[in-house]
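Written out below as structure tokens is the structure these notes cover.
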Amino acid sequence: MTIPTQNDPAPPMRRVLFNRQTVIAFVAGAAVTIGAVVSAAAVGMAGWQHGSMMDGMHSAAEVDAHVDHMLMHFYVEIDASDAQKAQISPLVKQAVNDILPLHSHLQAARTQAMQALTQTTIDRSSLETARQAHLQLADQASKRMVQLVGDVGDILTPTQRESLAAHLEQMHAMPKS
């Protein structure tokens, strides 16, 4: 690449904007953005259980044991009665069973997006299909979580709900800079 001198005309703006480095930077930026969005959704879907069971590599017994462990902490935080525990446990376990399979679908959408991105020619249709699938999965998980929160909230007393809200705020608070 030569530097234009006073006698040489400046390169056309189109050539400057669409040189190889610019295109590579744009594609790399798009890949990072897609990966970040997909990762954020996975974390969002799994965040309430710290993401440790979302890799699909655990048996049903391991998932159940993890849920029981998380519920023990939850029960201590809200000072749950035995009757409340008996009502809440099956609700949470059912929600986990409903949401966990969505992770494999999310992985498939991510794989589709990455394949579309790495082709010689960008397959915009495939990228859009993956985006729509991702949004649909996030919506399903969000609806199921809202249903769970409402169901559990109906079981808790107002004081317990306040205690839970305060604990969740503390858990998810952003550190102050």
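Kindly provide the set of residues from region 80-139 that are of a type in the set (Gly, Ala, Ser), modelled with pLDDT of 90 or more and touching a Lys or Arg at 6+ places or on another chain (Cβ under 8 Å), ordered by number.
The answer is Ala95, and nothing else.
Name, by its number, the condition in (1) of a type in the set (A, V, I, L, M, F, W, C); (2) under 30 Å from Ala83 (Cα atoms); (3) over 18 Å from the mean Cα position of the chain (by Cα) that does not hold for Ala141.
(3)
Quick test for you: out of Leu164, Leu106, pick the one residue that is in contact with a Leu (Cβ under 8 Å, 6 or more places away or on another chain), farther than 25 Å from Glu62 by Cα and of a type outside the set (Asp, Glu).
After ruling out the rest, the residue left standing is Leu164.
Of all residues in region 106-159, which are closer than 22 Å to Ile78 by Cα and of a type in the set (Gly, Ala, Ser)?
Gly150, Gly153
Working only within region 109-130, note down all residues that are within 30 Å of Ala61 (Cβ to Cβ) and without any contact (Cβ under 8 Å) to a residue 60 or more places away in the chain. Working first, answer last.
Just the residues of region 109-130 that are within 30 Å of Ala61 (Cβ to Cβ), to begin with: 109-111.
Thr111 - this is the single residue of region 109-130 that is within 30 Å of Ala61 (Cβ to Cβ) and without any contact (Cβ under 8 Å) to a residue 60 or more places away in the chain.
With Leu127, Leu156, Leu168 as the choices, which residue is closer than 23 Å to Pro90 by Cβ, surrounded by 15 or more Cβ atoms within 10 Å (Cβ to Cβ) and not basic (Lys, Arg)?
On the way: Leu127 fails: closer than 23 Å to Pro90 by Cβ; Leu168 fails: surrounded by 15 or more Cβ atoms within 10 Å (Cβ to Cβ).
Only one candidate passes the filter, namely Leu156.
Out of curiosity, is Ser104 closer than 22 Å to Ala165 by Cα and of a type in the set (S, T, N, Q)?
Numbers: closer than 22 Å to Ala165 by Cα: no; of a type in the set (S, T, N, Q): yes.
Judged against the criteria, Ser104 is not a match.
If Gln87 satisfies all but one of (1) crowded, with 18+ Cβ neighbours inside 10 Å; (2) touching a residue at least 24 places away in the same chain (Cβ under 8 Å); (3) touching a helix residue (DSSP H, G or I) at 6+ places or on another chain (Cβ under 6 Å), what's the number of the condition it fails?
(1)
The values are calculated or read from the model by the stated rules, or taken from the named source; none is laboratory data. Note that this is a predicted model, so its numbers are computed, not measured. We place every Cβ from the backbone using ideal geometry, glycine too, and count neighbours over all the protein chains shown.
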